[in-house]
Structures are given as C-alpha cells and as structure tokens.
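Reading through the structure tokens given below for one structure.
Each value in this text was obtained by applying a stated rule to the coordinates, not by laboratory testing. What you see is a predicted model; the values in this text were computed from it and never measured. Positions of Cβ are backbone-derived with ideal geometry, glycine not excepted, and every protein chain shown enters the neighbour counts.
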Amino acid sequence: MKYKSLIVVLFSLMGCHQSPSEQVVSKVIASDVVYNEDNRLEAFVLDGGFWEQKAKAVAVQIKSNKFKRPNSYGERIVVGRTLGKQKNLCEDERFFDQKIVGDCTGFLISPDILATAGHCVKDEFYCENFVWVFDYKLEGPFDVEYNSIKSKNIYKCSKIIKSVYNTKSQIDYALVQLDRKVQDRQPLEMRSSGKIKEGTKLAVIGHPSGLAQKFANGGQVLRNDHQNFFSANLDTFQRNSGSPVFNEETGLVEGILVRGDTDYKFDYKSKCQRVNTIKKDCKTMHCRLEDITRITLLY
C-alpha cells in the first residue's frame, strides 16, 4: 500500500535510537507502582530529563471553537469547564480545578505527520473542526496561565492520510498530516518490527480527561496474545486516546493508547464521582486493563 511505503520512508529518515542511561531515567522513573495508585504526574517534572524531549512531541486535539482571538502577545486562550464541574468530581480528587479542553492525544512521527487513535479522526469533519496543540502543560506547580497557548504551537489538520477504526479486528489508529512542519521538536522513535514482551515496563504521555499534559509510568504489559494490540495496567483515561505508550527501558514507542476501563465511578456516600480505582492484583486476577494498538501496524 502507498501509505505503508510512506511510513517506512519516514521512519528510515528518523535516525538511530539511543536508549536513556540509567542515571537519567532514575531522575524521572520511581520504583514500581501498582494499578490501584494514580501515577499521573505533571509534565513539568520532566524538565531537563530524558522524557522531556519525548513529551515535546506529544500534542492534544482541541476543537477550534474553544479558542478566543489572539491577544497582543500572540497567544490564544482556550476555554473549558473544570474537571470537577464536568465530571461532578469529589473535591478531594486530583486535578479537580484543572480545565478540560482536549478531545484526544497525538504524537509526531515525522516533522509534519501525527499518529493518533483512529476513533479520534474518523473523517474530514475532525480535520476541519479540530486543531493540534503542542506544549499544552503546566509550567510549574503554581502555573495559573496554562490555558494561554502560543499561536505557533497550534497546527491545523491538512489532511487525514489514513484512519482505521475496526471494532472487529480491534485495529485503531490514524495518521494526520499537519498544515506545516514542526520545527522545534523531534518526532518520536518507534519499534519497527517484532513484538513487545509480556511484563515489559511501560510509560505514557498524554492528556487524560482532556487535561494539561501528564506523564505516567509504572505500567506493565499483562496481556500480549492479540496480533493487533496488547493490554497493560497504565493509569490512562478517556481522551488519553492516541497517546504514545513507551517501553520504559528503551524509550521507544510500542503502541497507541486506544481504549480501557471505566474512568470514574459514583460515590453514593459523598454524592460525587471518584477515579475508578482497581484494587485487585491484575497480574493474577482478571482486569479490563488498557488496550494499546501495536505501533508496528503503521509499517
């Protein structure tokens, strides 16, 4: 297929991958965590580390009508309801006051091409009515201006190169061409062949619930028998769809986050919603888990 050939050519131009040193990784990756702990971290904790460069290649999909006109500083203000109000979240839940602005996540695989989930860009409607934004994150623990976005970080969809969303085969991915090349960040490097091993430690960068960018590690490949996807115990949420899932040791993208368990459940005692916490050991007991499209399907 012509698109398959295109992807092979693109990836061949991206250079050889260098694994992060143990010293660099130790600054970001803590000891093993379990599925019943929320392991999401703000992206600013990655500053100066190996994962910062990976995070710079990750974008959030935002509907065009959520932006106000540019101000005198060349910034666009994006508007949205807070997570607390949108989800009727309990006030002691994390990220209660952060705004929901995004619909999906995507990541650079070449200077002007993004990979994401197929259900995020099913047809040209999504190309015409949504944009892709890089660096949508908090700059520090007291950042209250994170909804001010530099216009240069906003990219339109030029065309959908390919979109596959097949519930029978469980194939879910898309390739989007941006309206211009991204100059100030590098595309992500990916597994080109073979299969990830069960038990491999994973990390993910994206926009859970449409929030500012988050990093989460500590997941593992727990089911690996399907030819088109594998499953892991990652702390991911709706609108994380399209996020790159990394091999924590090598830094290579192993897949695209596409679906998972229920995000929030109602707390009848508190009369509000809480994060759905999976307390059982998913290594020995059945869990729904989070499904990740194998990145090798793009080749």
- Could you check, for region 216-225, whether at least one of its residues is out of contact with any Asp or Glu (no Cβ under 8 Å at 6 or more places or on another chain) and closer than 21 Å to Leu41 by Cβ? yes
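With the condition kept exactly as written, say whether any residue in region 134-147 is of a type in the set (Asp, Glu) and either over 24 Å from Arg40 (Cβ atoms) or surrounded by 20 or more Cβ atoms within 10 Å (Cβ to Cβ) (or both).
Let us first name the residues in region 134-147 that are of a type in the set (Asp, Glu), namely 135, 139, 143, 145.
If we keep only those that are either over 24 Å from Arg40 (Cβ atoms) or surrounded by 20 or more Cβ atoms within 10 Å (Cβ to Cβ) (or both) as well, we get 135.
Looking for residues that are of a type in the set (Asp, Glu) and either over 24 Å from Arg40 (Cβ atoms) or surrounded by 20 or more Cβ atoms within 10 Å (Cβ to Cβ) (or both), one finds at least one in region 134-147, hence yes.
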Reported set for region 213-263 where residues are among the charged types (D, E, K, R), touching a His at 6+ places or on another chain (Cβ under 8 Å) and not in a loop (DSSP other than H, G, I, E, B) is Lys214
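Restricting the search to region 97-123, which residues are over 11 Å from Arg239 (Cβ atoms) and part of a helix (DSSP H, G or I)?
At the first step, the residues of region 97-123 found to be over 11 Å from Arg239 (Cβ atoms) are 97-99, 106-116, 118-119, 121-123.
Correct list: Gly118, His119.
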Residues in region 282-299 that are in contact (Cβ under 8 Å) with a residue 60 or more places away in the chain, surrounded by fewer than 20 Cβ atoms within 10 Å (Cβ to Cβ) and touching an Asp or Glu at 6+ places or on another chain (Cβ under 7 Å) total 0
inquiry  = Would you confirm whether or not region 269-281 contains a residue that is without any contact (Cβ under 8 Å) to a residue 60 or more places away in the chain and surrounded by 17 or more Cβ atoms within 10 Å (Cβ to Cβ)?
reply    = no
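Looking only at region 166-196, filter to residues that are assigned to a loop (DSSP other than H, G, I, E, B) and among the acidic types (Asp, Glu); which one of those is surrounded by the fewest Cβ atoms within 10 Å (Cβ to Cβ)? First the steps, then the outcome.
Going through region 166-196, the residues assigned to a loop (DSSP other than H, G, I, E, B) turn out to be 167-170, 179-189, 191-196.
Within this subset, residues satisfying the condition of being among the acidic types (Asp, Glu) are 179, 184, 189.
Working: Asp179: 13, Asp184: 9, Glu189: 20.
Taking the candidates together, the pick is Asp184.
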